Structures are given as structure tokens and as C-alpha cells.
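**Q** One structure is given below, represented as C-alpha cells, and several questions about it will come after.
Bear in mind that the values in this text are calculations on the coordinates, not laboratory data. These numbers were taken from a predicted model, which means no experiment stands behind them. Neighbour counts are summed over all protein chains in view; Cβ atoms, including those assigned to glycine, are modelled from backbone coordinates with ideal geometry.
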Amino acid sequence: MATRITKFNLSEADMPTHWYNIAADLKTPPPPPLHPGTHQPIGPADLAPLFPMELIKQEVSQERFIEIPDEVREVYKLWRPTPLIRAHRLEKALDTPAHIYFKYEGASPVGSHKPNTAVAQAYYNKQEGIKRITTETGAGQWGTAMAMACNFFGMELKIYMVRVSYEQKPYRRSMMQLYGAEVVASPSRDTNAGRDILAATPDNPGSLGIAISEAVEDAVGRDDTKYSLGSVLSHVLMHQTVIGQEAMKQMEMAGEYPDIVIGCAGGGSNFAGLAFPFMREKLAGKKDTRFIAAEPEACPSLTKGEYRYDFGDTAGMTPLVKMYTLGHTFIPEGIHAGGLRYHGMANLICELYDQGQMTARAYHQNAVFDAAVQFARTEAIVPAPESAHAIRAAIDEALACKQSGEAKVILFNLSGHGYFDMTAYDNYLAGNLQDFAYPAEKVAEAMKMVPVL
């Protein structure tokens with residue numbers, strides 16, 4: 001009997017030396033971000049209070065490949081390259097002819113894909129002499145990654161953690177503090193934005209938009225501080241492309257090429273990280289891969305949002321970006337996939353979606369946890385609730401192959417493990433996990449606040 005290979009591993013020498021910038025290959029670039037006051041296209045000077053100049057250059061770059069600094073690659077070696085795994089046991093349980101592969105980013109020290117950009121952002125801030133960084137976090141994966149990165153480069157970090165996740169996921173908070181970060185629940189009383197929101201709604205559960213407002217306000221108020229964002233921005237998505245570049249080499253080792261590429265989508269970073277290197281082949285007309293973004297029904301920005309200019313934060317302090325949005329004041333229900341509770345989406349992904357280069361699906365919590373439990377019981381890894389959205393989509397595609405008899409190759413990004421999310425699994429196993437219908441009335445109200453440009 002032929003030997004069955006489960007893991008496809010690369011050596012450190014195979015680790016990417018450059019990040020891939022998909023902007024170089026888009027036939028139509030996304031519309032430019034606009035200044036929140038003048039509504040004119042922003043320039044580097046407008047972003048300088050928030051980001052170091054090297055990241056600003058990367059944000060607007062049209063170069064196809066940007067070299068990864070040696071200092072960043074040295075930190076990457078703590079977990080990169082990550083494994084590509086063939087889900088043989090899941091395939092058998094589904095009785096599908098499909099071949100299912102997943103890229104396991106939970107192999108990083110903090111258990112998610114987020115350090116791929118956190119380390120890079122901390123490095124460039126350190127190079128510019130920045131002493132302190134502020135950021136937000138939803139479920140805590142990003143905050144944990146940034147805490148680790150700032151610790152490595154000797155910088156202070158203050159994290160505004162969405163209140164519902166702050167309460168649901170205390171061990172994520174503990175891990176951030178272990179790395180030396182200061183963590184507060186958002187909305188907080190530490191900023192004007194937070195105090196105003198709490199005055200109006202004292203029991204406000206928070207949102208990523210609110211936490212972004214607080215972190216931005218904090219950063220612009222101090223000369224020694226810059227702001228870091230864990231998703232959405234083009235340079236963040238670019239840093240994540242180490243995932244897809246490795247996966248392309250590993251799929252070649254497996255002797256296959258994906259017919260379908262899947263990632264969960266909140267702001268877009270892990271989806272882009274896996275998908276963009278493969279998307280390059282589609283844009284060049286070399287492959288006809290299908291790309292699927294999986295998002296929560298409680299916050300379905302791609303599947304239900306409007307493609308228009310909106311603020312990236314609740315208070316309207318950030319530049320206006322054209323994206324699929326539910327309205328910057330929209331506050332989603334407290335689903336356990338806290339990292340997917342963002343009202344908008346990365347403009348690069350929105351442009352690809354608008355051009356028909358990819359599709360999106362929205363799922364309820366219980367359907368997602370059904371898939372997560374099946375995956376854990378076959379492949380043994382307990383997935384993060386965010387990542388389980390991608391598993392749900394992959395299982396659905398594999399079951400479709402069972403019906404059609406097609407042996408398609410399915411690749412998804414298992415963007416993080418769920419070992420800090422056991423309260424959510426407890427709720428699911430006890431039958432207490434609530435599904436939330438699409439909040440049409442809340443979205444309609446929030447959309448009234450979106451500027452008409």
C-alpha cells in the first residue's frame with residue numbers, strides 16, 4: 001500500500017523572503033481612502049500621526065514584492081513555515097471524494113496568524129524610534145500577537161479589548177498581560193470616545209469600531225505613540241501573504257493545486273494571507289480557482305453590506321474607505337467569533353468581491369460550531385470560532401463533491417486554535433449557544449450615519 005502523507009513541511013530555508021502585494025496585479029485598483037474632514041484623497045502626511053513612514057509607503061506601494069527584513073524573518077522562524085495538513089480523517093467522516101487541505105496558523109506561539117503582521121509592524125515602529133503603541137482587539141488573537149511583538153522589540157503597548165470579549169475570554173487577556181501589555185475593556189473611561197459611549201449606553205458590549213476609535217484617539221494624543229491595526233489595511237494583508245506563498249510550495253509537494261480556497265473573513269487579513277498568492281494566478285488567467293470568504297450571519301459585511309465609503313471606526317476619526325459596510329456605528333451581537341465582529345472589510349478584498357473574483361457566505365453560530373466539533377473529533381485540533389467559519393464552508397464544499405462525485409481539491413486556512421475559547425464550546429455542548437438573525441433594523445439605522453459621497 002502506498003504511504004499516505006498527512007503533513008507537508010517546509011524548511012526554514014523555504015520561508016518567503018518577500019511579501020506579495022496584490023495591488024500590483026489588480027486591473028482596477030480600489031478607490032483611494034479619503035480624509036475624514038475634507039473628503040479628499042489622503043496623502044502620507046495625513047497618516048503620519050498614526051503609522052511609521054515605512055508602513056505608509058507599503059500601504060500605497062505598487063511594487064509586486066517587498067523584501068521582508070532579516071530581523072522580522074528571524075522572529076518568524078519561531079513558528080514559520082507552518083504545516084500544510086491533509087484532512088484525511090475528515091474526508092473519511094464526510095465520505096467525500098474531495099481532497100481537503102488546511103494551512104495551520106495555530107502553530108504560532110500565540111495560536112493564530114496574527115504575528116505575521118504584528119512582528120513586522122512592531123519592527124518598523126521600533127526603527128522609527130517609537131516608544132509606545134496602541135491597538136484594539138476583538139477576540140484577543142491580535143492583541144496577543146501585538147503584545148508578543150512589542151515585548152520582543154522593547155515597546156510599551158496599550159490594548160483596547162472589545163468588552164464582550166474581555167469578559168468572555170479572560171485567558172486571552174491574561175496572555176497579553178503576561179507579555180507585558182496593558183489591557184482595558186472597550187468602551188473604556190480612558191478616552192473621550194469611550195466616555196461618550198458609556199454615558200449614552202453604560203452597558204455597551206463594545207465593538208471593533210469603538211475600540212479602534214479609542215486606540216486612535218490615544219495614539220494621536222501623544223508624540224511617542226503610534227497606532228497598529230491587525231487587519232483591513234493593505235500593508236497588513238500583504239504581511240500575511242507568507243501564508244499563501246508557503247501553501248503554494250506545499251501544494252506542489254502534495255502534487256495538487258486547489259480548486260477552492262477558503263478563509264474566514266472579519267477584516268480580511270487571514271483570508272487575504274492565504275488567498276492572494278493563489279489569486280495572482282487567477283488574475284493572470286493561469287488558474288480558475290474559486291475563492292470563498294466565510295463570515296458570521298450576525299455581522300455579514302460582504303453578503304449584506306453596501307459598497308460605499310465609510311469610516312473604519314465608530315467615532316469617525318479614521319479615513320473614509322470604500323468597502324462593503326454595515327455602517328460604522330453598527331454594533332454586532334456578542335457572538336463568540338469576536339474577531340469577525342467588524343462592520344466593514346478590507347478594501348482590497350471588497351474590490352475583488354465587487355469584480356466577481358471571489359464569493360462570500362454567511363453562517364449562524366450553531367452551524368459553525370457543528371463543523372468545529374466535527375473537525376475536532378476527526379482532526380483533533382480544536383479550532384478558534386473564527387476559523388471554524390472556514391471549516392463550515394470547506395465541509396459544505398466537500399459534501400457538494402459527495403453529491404456530484406467530483407474529487408475537487410479544497411484548501412482552507414485554519415487561522416488559529418480555540419484553546420482559549422472553551423467557554424464557547426461549553427455553551428455549544430450544553431445547547432445554550434444562541435443564533436442571531438441578520439439584524440436588518442440595526443443595520444438600517446447604522447447606515448443612516450454613513451456619509452453620502
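**Q** Given N432, P44, L55, which one lies farthest toward the positive end of the charge dipole of the chain, if we put +1 on the Cβ of every Lys and Arg and -1 on the Cβ of every Asp and Glu?
**A** Going by the charge dipole, the pick is N432.
**Q** G194: net charge of surrounding residues, Cβ under 11 Å, Lys/Arg +1, Asp/Glu -1, itself excluded? Kindly include the intermediate steps, with their values, before the conclusion.
**A** Numbers: positive: R163, R189, R195; negative: D190, D196, E214, E217, D218.
Result for the neighbourhood of G194: -2.
**Q** Then there's this: Could you tell me how far the Cα centroid of the range 322-346 sits from the Cα centroid of the range 364-392, in Å?
**A** That distance is 21 Å.
**Q** Roughly how many debye, to the nearest 20, is the charge dipole of the range 336-410 about its Cα centre, given +1 on each Lys and Arg Cβ, -1 on each Asp and Glu Cβ, and no other charges?
**A** With only Lys, Arg, Asp and Glu charged at Cβ, the dipole is about 180 debye.
**Q** Another one. Using only the Cα atoms of the range 251-371, build the gyration tensor, take square roots of its eigenvalues as a ≥ b ≥ c, and label the shape rounded, prolate or oblate: rounded if a/c is under 1.5, else prolate if a/b is larger than b/c, else oblate.
**A** Note, shape of the range 251-371 comes out oblate.
**Q** L429: net charge of surrounding residues, Cβ under 13 Å, Lys/Arg +1, Asp/Glu -1, itself excluded?
**A** Taking every Cβ under 13 Å from that of L429, the sum is -2.
**Q** Which value in deg cm²/dmol, rounded to the nearest 500, describes the helix-derived mean residue ellipticity at 222 nm for the chain, given -39,500 (n - 2.57) per DSSP H run of n ≥ 4 and division by the residue count?
**A** On the way: 19 runs with 185 residues, N = 453.
Calculated at 222 nm, the ellipticity per residue is -12000 deg cm²/dmol.
**Q** Follow-up question, since we're still on this one. Quick one: check the C-alpha center-to-center distance for the range 164-213 versus the range 104-144, whole angstrom.
**A** 18
**Q** A follow-up question, please. Through the Karplus equation 6.51 cos²θ - 1.76 cosθ + 1.60, θ set to phi - 60°, convert the phi angles of the range 161-174 into ³J(HN,Hα) values in whole Hz; use x for Gly and Pro.
**A** With coefficients 6.51, -1.76 and 1.60, one gets 9, 3, 3, 4, 6, 3, 7, 6, 10, x, 6, 4, 4, 4 Hz.
**Q** Starting from the Cα of L178, move 7 Å in the Cα-to-Cβ direction to define the label point; list residues of the range 391-428 whose amide nitrogen is under 19 Å from there.
**A** Under 19 Å, as judged by backbone N against the label point of L178, lie 416-424 of the range 391-428.
**Q** Can I ask one more? For the range 121-134, just list the computed ³J(HN,Hα) in residue order, Karplus coefficients 6.51, -1.76 and 1.60, θ = phi - 60°, integers in Hz, with x standing in for Gly and Pro.
**A** Result, ordered by residue: 5, 4, 4, 5, 5, 4, 4, 8, x, 6, 9, 9, 10, 10 Hz.
**Q** Also, I was wondering about something else. Please list, ordered by chain and number, the residues whose modelled amide H lies under 5 Å from the amide H of F291; skip anything fewer than 5 residues away on the same chain.
**A** Long-range HN contacts for F291: V261, T359.
**Q** Radius of gyration and Dmax for the chain's Cα atoms, expressed in Å?
**A** Just the Cα atoms of the chain yield Rg and Dmax of 20.4, 69 Å.
**Q** For a quick check: with amide H placed at 1.01 Å from N, whose amide H comes under 5 Å from L157's, ignoring anything fewer than 5 positions away on the same chain?
**A** Amide H neighbours of L157, under 5 Å, 5+ apart: I133, E182.
**Q** Still on this structure, please answer the following. Determine the percent antiparallel among the DSSP beta bridges restricted to the chain, to the nearest 5.
**A** Roughly 35 percent of the DSSP beta bridges within the chain come out antiparallel.
**Q** About its Cα centre, how strong a charge dipole does the range 230-359 have in debye, to the nearest 20, once Lys and Arg get +1 and Asp and Glu get -1 at the Cβ?
**A** Working: 10 positive and 14 negative charges, 42 e Å.
Computed about the Cα centre, the dipole is about 200 debye.
**Q** For the range 214-345, with the dipole built from +1 on Lys and Arg beta-carbon atoms and -1 on Asp and Glu ones, taken about the Cα centre, which of G244, L340, V232 lies farthest toward the positive end?
**A** G244
**Q** I need the fraction of alpha carbon pairs in the range 62-142 separated by more than 23 Å, rounded to a whole percent.
**A** 43
**Q** Considering the options A275, A265, Q357, tell which one lies farthest towards the positive end of the dipole of the range 234-389, charges being +1 on Lys and Arg and -1 on Asp and Glu at the Cβ, about the Cα centre.
**A** Q357
**Q** Using 0.36 nm per residue of separation minus the Cα-Cα distance, give me the extension gain between A444 and A380 in nm, one decimal.
**A** 18.9 nm
**Q** Note down the magnitude of the dipole of the chain about its Cα centre, charges +1 on Lys and Arg C-beta and -1 on Asp and Glu C-beta and zero elsewhere, to the nearest 20 debye.
**A** In debye, rounded to 20, the chain gives about 640.
**Q** If you take every residue apart from L94 with its C-beta less than 13 Å away from the C-beta of L94, what net charge results, scoring Lys and Arg +1 and Asp and Glu -1?
**A** In short, 0.
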